[in-house]
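Trainee: Got a structure here, written out as structure tokens. Questions coming.
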Amino acid sequence: MEGISLRNTDEEESHGFLERPRSGQQHSRGEDDVTSLLSDKDDSDDEGITKDEKKKADMLVIRNILINVALIGLWYIFSLSISVYNKWMFAPDKLNLNFPLFISSVHMLVQFSLSMVVLYFVPQFRPAGLFGHQADADSTTPLSRIAEPARRETIFRWNTPAEEQRKRENGEMTNRQYLTQIAPCGAATGLDIGLGNMSLKFISLAFYTMCKSSSLAFVLLFAFAFRLEKVTVKLVSIIAVMTLGVVMMVASEAQFILTGFFLVILASALSGLRWSLTQMLLLHNPATGNPFSSIFYLAPCMFAAIFIIAIPVEGLGPLFAKLGQLSDEWGVVSMIGLVLFPGIIAFLMVSAEFALLKRSSVVTLSICGIFKEVITISAAAYFFDDPLTPLNISGLIVTIISIAAYNYIKISRMRQDAHRIGHAQAHPHHHPVRPTSNRVPSLAGYAGVDEDDYEDEDHHFSAGGSRVQRLDTRAAAASSLSPSDISVSPSGALPRASVSQRLRSER
């Protein structure tokens, strides 16, 4: 499974600023508190800071570093486990459970079930209208409030036109939104996952990972096509360099199999398509507010898209015959565990990514994702003896350089945009901030998000960062559904929303 983008992407990817506490909540101190502490220390030249305070600040730094390192480690472990496990499961010379589409569809059901459990027991993750709750923009708690009995309706029935209008005004999921926005995004995501897993039947894990790193090129191409990203010389150059890297990797592949290469490239193209659809989805739909609500809404469509293709391609008869054979060899319980285990691990990976994203930034995940690619390829060489030629490695290095260049461009624009927003909010009379677009949905549509959290202009960076962090957390959601790669890793680098557009439209 994985995280989840709007646009004019000239200025974007602002994330990782100080998250302010909600009304009535105690602020939990994270990495950004450390930045604040150290900044205050430098500004005051240590005046008035006692040794005990310095010691506490140092301990805070160490504590947050250790927590973040632990989360990164969990993310790596879960992601690597899924990649290695899937290759072992689908490879003809290993377990040879050669039904990747059916197995991937089962994983979608597992993730849907686990997301439902999380949303039921952790109300602050619930989108409006789910489990009898509605958003309360003026609430002093992070929980949504219980809706009136007459409004406790299920999302699995067709709404009347009046109900559709009311739900749209309240930021709740409507049937039309589900069919026109959620379903296409879910189908593209499901096929990305299914075809990617299917390619592992034919190609090595190392070659799969190298080819999947081309996803960013397709992300940019579809962003150009849908006018979500401005065509610039720099971005076109990145696509060209990345294409060169992929050609180098393919040309030097010792065991090149056209079918596997076609499947993984098609999966990469679908990955680019799903990000464009995700961006447009998040422009209009507030229901996908975090990875868990996104999984809840997207997983059924992903299951349907994969399962419908799996029936004619893989066949139900051969599937049951193979499961019966595994049941005889491993036992019924072990056979069920073999099938369900990757879905559980994928869900845990999303949770680790979400926790890390809340504590740090999407930039941190993007950089860590580069190293994750290298670790995955190294693991493939260790576990499966995947051959790596000098030209293979050179092509991978070229691709990683292009990914790093893309991240550098995004980080630079993020900083410039944050500086402009901060200056405008610090001087509202000289630089009034006016809404430039009404396309971004109000956060009032989310359970437990307070619209007045961001009105204190004396803390404009805290305010902007808090809002952007929640919006960026939304964007990390859908991508996190992939069991073979992660939303903000280089292989699925996520275009972010225009920060200025989001902040202005929300004020």
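The values are calculated or read from the model by the stated rules, or taken from the named source; none is laboratory data. Everything quoted here is computed from the prediction, not taken from an experiment. All Cβ positions, even for glycine, are placed from backbone atoms using ideal geometry, and neighbour counts span all protein chains on display.
Trainee: Going through the stretch 165-204 one residue at a time, which ones are basic (K, R) and part of a helix (DSSP H, G or I)?
Mentor: We begin by selecting, within the stretch 165-204, every residue basic (K, R); these are 166-168, 176, 201.
Across the stretch 165-204, the qualifying residues are R166, K167, R168, R176.
Trainee: Yes or no: W88 part of a helix (DSSP H, G or I) and more than 30 Å from G315 (Cβ to Cβ)? Spell out how you get there, then give the answer.
Mentor: Details: part of a helix (DSSP H, G or I): yes; more than 30 Å from G315 (Cβ to Cβ): no.
When the stated conditions are applied, W88 does not pass them.
Trainee: A further question on this structure: Answer with yes or no whether A424 is at pLDDT 70 or above, under 30 Å from S237 (Cβ atoms) and either basic (K, R) or in a helix (DSSP H, G or I) (or both).
Mentor: Against the criterion (at pLDDT 70 or above, under 30 Å from S237 (Cβ atoms) and either basic (K, R) or in a helix (DSSP H, G or I) (or both)), A424 does not qualify.
Trainee: Can you name every residue in the stretch 177-214 that is over 28 Å from G395 (Cα atoms) and surrounded by fewer than 24 Cβ atoms within 10 Å (Cβ to Cβ)?
Mentor: Q177, Y178, L179, T180, Q181, I182, A183, P184, A187
Trainee: Then there is this: Quick one: in the stretch 232-280, which of the residues that are among the polar types (S, T, N, Q) and over 22 Å from the mean Cα position of the chain (by Cα) is surrounded by the most Cβ atoms within 10 Å (Cβ to Cβ)?
Mentor: Restricting attention to the stretch 232-280, the residues satisfying the condition of being among the polar types (S, T, N, Q) are 232, 237, 243, 252, 255, 259, 268, 271, 276, 278-279.
Narrowing further to those that are over 22 Å from the mean Cα position of the chain (by Cα): 232, 237, 243, 252, 255, 259.
Numbers: T232: 14, S237: 12, T243: 15, S252: 18, Q255: 11, T259: 12.
Here the residue is S252.
Trainee: Next question, about the same structure. Given the structure, is L235 assigned to a helix (DSSP H, G or I) and under 20 Å from V264 (Cα atoms)?
Mentor: On the way: assigned to a helix (DSSP H, G or I): yes; under 20 Å from V264 (Cα atoms): no.
Judged against the criteria, L235 is not a match.
Trainee: Looking only at the stretch 199-215, count how many residues are under 29 Å from F296 (Cα atoms) and either modelled with pLDDT of 90 or more or in contact with a Cys (Cβ under 9 Å, 6 or more places away or on another chain) (or both).
Mentor: Going through the stretch 199-215 one residue at a time, the tally reaches 1.
Trainee: Another question, then. Of the residues that sit in the stretch 342-391 and are hydroxyl-bearing (S, T, Y) and more than 27 Å from F112 (Cα to Cα), which one is modelled with the lowest pLDDT?
Mentor: Selected residue: T364.
Trainee: If you check G260 against the conditions, is it closer than 27 Å to I401 by Cβ and at pLDDT 85 or above?
Mentor: Numbers: closer than 27 Å to I401 by Cβ: yes; at pLDDT 85 or above: yes.
Yes: the conditions hold for G260.
Trainee: Also, quick follow-up: All but one of (1) assigned to a helix (DSSP H, G or I); (2) closer than 26 Å to F202 by Cα hold for Q255; which doesn't?
Mentor: The failed condition is (1).
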